[in-house]
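Report on one structure; see the data block that follows.
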Amino acid sequence: DTAVSQTPKYLVTQMGNDKSIKCEQNLGHDTMYWYKQDSKKFLKIMFSYNNKELIINETVPNRFSPKSPDKAHLNLHINSLELGDSAVYFCASSHRAGDQPQHFGDGTRLSIL
Amino acid sequence: GENVEQHPSTLSVQEGDSAVIKCTYSDSASNYFPWYKQELGKRPQLIIDIRSNVGEKKDQRIAVTLNKTAKHFSLHITETQPEDSAVYFCAASTWTGNQFYFGTGTSLTVIP
């Protein structure tokens with residue numbers, strides 16, 4: 001059983017399109033996250049979502065919007081995709097925010113043409 | 001906010017030698033320090049973690065040490081093997097915080 005699963009694994013699309021990445025965790029965790037990993041391998045936090053409280057990294061453009069239908073799901077919707085959005089996006093979850101291990105999904109490699 | 005610095009950015013060692021990666025943090029309230037290993041094309045995976053009430057933790061060939069006074073913590077890998085080759089990330093967080101503050105990563109290459 002995959003603990004944190006993301007779909008799709010690969011996403012290739014044209015500039016200007018809108019796309020979504022889905023994430024589900026079956027660990028019973030209360031907190032979920034989205035990270036962006038660029039070509040330099042930096043892991044940049046985009047959002048954390050805990051008990052319906054959304055914490056946004058202020059550097060994330062408002063073209064990115066997380067949506068959580070329930071505690072086990074945190075999807076990422078991206079509007080008007082740009083070349084600079086090309087990266088690997090990781091979803092993660094933890095028992096609670098703060099000092100608990102985070103479990104990562106396998107990542108979604110987004111390529112913008 | 002917290003600032004985590006990680007050194008070196010790249011590290012090459014001969015198989016069987018030891019590898020040490022160091023991280024410093026700025027927020028004295030940080031109390032949880034995990035280490036993640038990311039193999040090429042894979043997800044980051046937790047390999048070891050330490051909390052601020054402990055100075056050292058060991059799990060087979062890997063160990064982590066924490067110096068709260070100096071605000072630094074280190075990952076030690078002994079008897080390195082080619083499969084240890086990966087990018088390693090340190091992180092720091094607090095009990096009341098909302099996120100991990102990750103270091104910039106160390107690319108470790110173990111030469112057979």
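If you filter the stretch A:84-113 down to residues that are of a type in the set (A, V, I, L, M, F, W, C) and modelled with pLDDT under 95, you find that the one that is nearest to the chain's Cα centre (by Cα) is A:Ala97. Just one of the numbered conditions (1) open to solvent by 30 Å² or more (accessible area, probe 1.4 Å); (2) within 26 Å of B:Ile47 (Cβ to Cβ); (3) not in a strand (DSSP E or B) is not true of A:Asn62: (2).
Of (1) under 13 Å from the mean Cα position of the chain (by Cα); (2) open to solvent by 40 Å² or more (accessible area, probe 1.4 Å); (3) over 30 Å from B:Thr10 (Cα atoms), A:Gln25 satisfies all except one. Which? For A:Gln25, the failing item is (2). Meeting the requirement of 3 or more residues that are within 27 Å of A:Asn57 (Cβ to Cβ), the strands (runs of 3 or more DSSP E) wholly within the stretch B:37-112 are B:45-51, B:72-77, B:86-92.
For the stretch B:3-33, how many residues meet the condition of being facing chain A (nearest Cβ under 10 Å) and outside any loop (DSSP other than H, G, I, E, B)?
Residues of the stretch B:3-33 that are facing chain A (nearest Cβ under 10 Å), as a first pass: B:9, B:30-33.
Narrowing further to those that are outside any loop (DSSP other than H, G, I, E, B): B:32-33.
The total comes to 2.
From A:Leu11, A:Leu27, A:Leu54, grab the single residue that is hydrophobic (A, V, I, L, M, F, W, C) and over 15 Å from A:His77 (Cα atoms). Just a single option satisfies the conditions, and that option is A:Leu27.
Could you pull out the residue among B:Tyr36, B:Tyr101 that is touching a residue at least 12 places away in the same chain (Cβ under 8 Å), within 10 Å of another protein chain (Cβ to nearest Cβ) and touching a Phe, Trp or Tyr at 6+ places or on another chain (Cβ under 7 Å)? Talk me through it step by step, then tell me what you get.
Values: B:Tyr101 fails: touching a Phe, Trp or Tyr at 6+ places or on another chain (Cβ under 7 Å).
After applying the criteria, what remains is B:Tyr36.
Would you pick out the residues in the stretch A:65-113 that are assigned to a strand (DSSP E or B), within 10 Å of another protein chain (Cβ to nearest Cβ) and more than 18 Å from A:Asp30 (Cβ to Cβ)? It would help to see each step written out before you state the result.
Residues of the stretch A:65-113 that are assigned to a strand (DSSP E or B), as a first pass: A:65-70, A:73-78, A:87-94, A:103-104, A:108-112.
Cutting the leftovers down to within 10 Å of another protein chain (Cβ to nearest Cβ) gives us A:88, A:90-92, A:94, A:103-104, A:109.
The answer is A:Val88, A:Phe90, A:Arg109.
Condition first: away from chain A (no Cβ under 14 Å) and closer than 24 Å to A:Lys44 by Cβ. Can you find one or more residues in the stretch B:51-71 that meet it?
Step one: of the stretch B:51-71, the residues away from chain A (no Cβ under 14 Å) are B:55-56, B:58, B:60-63, B:65, B:67-71.
From the residues that got through so far, the ones that are closer than 24 Å to A:Lys44 by Cβ too are B:71.
Yes, that holds for at least one residue.
Considering only residues that are within 18 Å of B:Gln99 (Cα to Cα) and either in contact (Cβ under 8 Å) with a residue 24 or more places away in the chain or open to solvent by 80 Å² or more (accessible area, probe 1.4 Å) (or both), which ones fall in the stretch A:76-99? Residues satisfying the conditions are A:Leu76, A:Tyr89, A:Phe90, A:Cys91, A:Ala92, A:Ser93, A:Ser94, A:His95, A:Arg96, A:Ala97.
The values are calculated or read from the model by the stated rules, or taken from the named source; none is laboratory data. As the structure is a prediction and not an experimental result, all values here were calculated from the model. Every residue, glycine as well, gets a Cβ built from its backbone with ideal geometry; the counts of neighbours run over all protein chains shown. Keep in mind that these areas ignore ligands, DNA and RNA; they rest on the heavy atoms of the full protein, side chains included. Shrake-Rupley method; radii C 1.70, N 1.55, O 1.52, S 1.80 Å.
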